[in-house]
Amino acid sequence: MRFERYGAGLVKGMIVTFKHLLRHPITTQYPEQRLVPSRRTRGNELIWNSAKCVVCTTCAKTCPQGAIHMVTAVDPANANKLTITTIEVDSGYCISCGLCVESCPYNALHMGYAYEKAKYRRQELVQSNEGLLATETRKASAYMHADMEKELPEQTLLINNKQQG
C-alpha cells in the first residue's frame with residue numbers, strides 16, 4: 001500500500017520535469033551575457049568626486065563599519081581650509097548600506113554600479129585616492145541622486161531577454 005503512494009509522487013514529479021524540459025530557458029549565460037542592473041542600484045564600490053568634497057568627514061563618521069578612513073591636512077594655500085591627503089575605503093568591511101552617500105551634504109559620494117568585485121587578496125579590496133574616482137568603467141549609480149537617472153542605461157530583465165530570444 002505504501003509503495004503505491006510513492007510511485008504516484010514519482011510519476012507526478014516526472015510529468016513536471018518533462019513539461020519544463022521543453023520550455024525555452026530563461027537563464028542568462030553570465031560571463032557572456034550580462035544584465036544591466038537597476039539605475040538606483042547599490043553596488044559594492046564607492047565613487048568619490050574630489051571636486052565636490054569639502055573634507056567635512058561626515059561620510060567617515062556615518063559609516064557603521066568604519067570602512068572609510070580619511071587623512072586630512074591643512075591646505076598650504078589657505079590656512080582655514082583642509083585638504084585630503086589620503087582617503088581609503090575598505091570594500092571588505094563595507095556592507096553597501098549607502099549611509100555614507102545619504103549623509104554627504106555636498107553629493108561628493110555615489111554608490112557604484114559594479115557588483116563583480118571578488119578578489120583573491122584582502123589588500124586588493126582597499127580603494128584609495130585615484131581608485132575612488134569615476135572613470136569610463138567605474139560609473140556612479142543614481143542611488144540617492146534621482147537627477148542622474150536619465151543619463152544611465154535602462155535596466156534589463158530576464159523577461160525581456162526571453163521575449164527577444
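Convex hull volume of the Cα atoms in the chain, per residue, in Å³?
Per residue, the Cα convex hull of the chain comes to 196 Å³.
Give the Kirkwood hydrodynamic radius (Å, one decimal) of region 100-144, defined as one over the mean of 1/r across all pairs of different Cα atoms.
About 12.0 Å, per the Kirkwood formula over Cα pairs.
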Original post:
Lysine pairs in region 33-165 with alpha-carbon atoms under 28 Å apart, 8 or more places apart or on different chains: how many are there?
Top reply: 16
Original post:
Under a 5 Å amide H to amide H cut-off, with H placed in plane at 1.01 Å, what residues pair with Gln155 once short-range neighbours are removed?
Top reply: Arg39
Subject >> Extension gain, Arg122 back to Lys19 (0.36 nm per residue minus Cα-Cα distance, nm) >> reply: 32.5 nm
**OP:** Please list the non-local residues whose amide H lies under 5 Å from the amide H of Ser141, H modeled 1.01 Å from N, same-chain partners needing a gap of 5 or more.
**Re:** Met111, Gly112, Tyr113
Subject >> Projected label distance in nm at Lys12 and Cys56, using a 7 Å step from Cα toward the beta-carbon >> reply: 6.1 nm
Original post:
Taking 0.36 nm per residue of separation and subtracting the Cα-Cα distance, what length does fully extending Thr86 through Glu154 add?
Top reply: 21.0 nm
**OP:** Apply the Karplus parameterisation 6.51 cos²θ - 1.76 cosθ + 1.60, with θ equal to phi minus 60°, to every residue of region 122-137 and state each ³J(HN,Hα) to the nearest whole Hz, in sequence, with x for glycine and proline.
**Re:** 4, 5, 6, 7, 8, 9, 9, 5, 5, x, 9, 6, 6, 10, 5, 8
**OP:** As a check on your grasp of the helix formula, calculate [θ] at 222 nm for the chain: sum -39500 (n - 2.57) over DSSP H runs of n ≥ 4, divide by the residue count, round to the nearest 500.
**Re:** -6500 deg cm²/dmol
Original post:
To the nearest µm²/s, what D does Stokes-Einstein give for region 53-114 at 25 °C and 0.890 mPa s, using the Kirkwood radius over alpha carbon pairs as Rh?
Top reply: 198 µm²/s
**OP:** Quick one: angle between helix 2-21 and the longest Cα principal axis of the chain, in degrees between 0 and 90, rounded to 10, please.
**Re:** 60 degrees
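Throughout, read-outs are computed from the coordinates displayed, never taken from laboratory work. As the structure is a prediction and not an experimental result, all values here were calculated from the model. Positions of Cβ are generated from backbone atoms using ideal geometry, with glycine treated the same way; all protein chains shown enter the neighbour counts.
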